[in-house]
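The values are calculated or read from the model by the stated rules, or taken from the named source; none is laboratory data. Please read these numbers as outputs of a predicted model, since none were measured by experiment. In this analysis, Cβ positions are derived from the backbone assuming ideal geometry, glycine residues included, and neighbour counts consider all displayed protein chains.
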C-alpha cells in the first residue's frame, strides 16, 4: 500500500482516504498519484498492477480485500474505481468497512465501452458480466462519481436496455437510485508537467498530431484515411504519431507508416515527459476520430499545449470545448472532417494564432484537488 501525506504544510489532513485501484497503470495510476500529491487529505493507494483487465474485475477485489484487512488501516472513506468489484470487496471486509462511506469513481464503464470485435467474449455472449459488476458496484456505493456529464448520462441511459438482456427481476428502480447519488467530478491532470521554459515556435508545414492509444475505440483507420485524402489533394503537411497500444492495431499503423512515410516525423511511444510535451507544443492540428471517449485526457493535454482541435460533435468533446462558443472546430461526418482539415492546413498561419488552453486549464490538479477534497469530505460525513 502506497502512502503519502500531502498538501500545504499549513493544512492538516482532515480525512484518511483509502484509494483502491485494481488497474494501476497509465491514466488510472496518474490520476491516483496526482490526487495523492495534491490533496490536503491523507491518501493511501491500495492497488494491483495494470494487467489482465478482465481478471482484475473478477478477482482483484479478493486480493485487495485481503491486503486491506492485513494493513490494519481504518480510513474515513473508501474511494474505489470502476475496475473494482465493490460488492465482493465490501462483503469480504464487512467487519472493518461496514460503517465506512464509499465513493466509486468511473473512469470508464463496461456497458458503454465499445468492445473490440476481435474479443472472443462477444461471440460467446460472456461480455455482459463486466457491465453488471459496474452496475452492482454503483448500487453498493454511497456516492457515484463520473468524469464527465456525457459519461454519467450515457451510463444511466444504457442501464434500462442493458437490463433487458436478462430474463426477469430487472430492478428498474435501481437506475433512479444510482442517479440520485451520482455526481460529475472531472479528471484532475498534472498539466504543469507540460509547461516548457520556451515553447518551440511553430513554423514550416503544418504538423498533424495523433497522441492517443493505438486501439480500436480511437478509430485510427478514420484518422489515417483522412490524412490519405489530404495527401491525394497534394497538400503539404507532416505527421507525429505518438501513443502505444495493442498488437492487433499495429497493422493499421504499419499501413499508415508505409502510405505516409515521407510525411511522418515521429512514430511510436514517447516515454520521456519532456519530449512528449515538446511534441505537443510543436504540433498544430489535432483531428480526433474516436468512437468513444468518456473524458479525453489526450485532447486536454494537446489543447493545453496550443493544438487546434477538430472534433466530432458527440461524446464528451462539446463539454471540453464548448460547442456554443466554438462550433467551427466540430464536424458531423468524415467528409466534413476532410473539408475542415483541408481548410486548416491551407490557412495554417491563422490557425497557429488560435488557442484553446483556457478551455482546459481548469482540469489541472491545482484547481481540481480542492474540489475533490470538498466533495469527498462531504461524502465522508455520510452515514453508511
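A few points about this structure:
- The helices (runs of 4 or more DSSP H) found entirely in region 290-383 that carry 3 or more residues being surrounded by fewer than 21 Cβ atoms within 10 Å (Cβ to Cβ) and modelled with pLDDT of 95 or more are 334-346, 348-351, 357-360, 365-380.
- Check on residue 344, free of Cβ contacts under 8 Å to residues at least 24 places away in the same chain, more than 16 Å from the chain's Cα centre (by Cα) and within 21 Å of residue 221 (Cα to Cα): no
- Residues satisfying the stated conditions in region 176-218, i.e. closer than 23 Å to residue 267 by Cβ, under 24 Å from the mean Cα position of the chain (by Cα) and in a strand (DSSP E or B): 208, 209, 210, 214
- Qualifying residue in region 351-363 (condition: touching a strand residue (DSSP E or B) at 6+ places or on another chain (Cβ under 8 Å) and either without any contact (Cβ under 8 Å) to a residue 12 or more places away in the chain or within 20 Å of residue 152 (Cα to Cα) (or both)): yes
- Filtered by the rule that a residue be more than 14 Å from residue 60 (Cα to Cα) and surrounded by 23 or more Cβ atoms within 10 Å (Cβ to Cβ), region 78-94 gives 78, 79.
- Among the numbered conditions (1) under 20 Å from residue 315 (Cα atoms); (2) surrounded by 19 or more Cβ atoms within 10 Å (Cβ to Cβ), the only one that residue 242 does not meet is (1).
- Among residues of region 274-291, those that are out of contact with any helix residue (DSSP H, G or I) (no Cβ under 6 Å at 6 or more places or on another chain) and more than 24 Å from residue 349 (Cα to Cα), counted: 2
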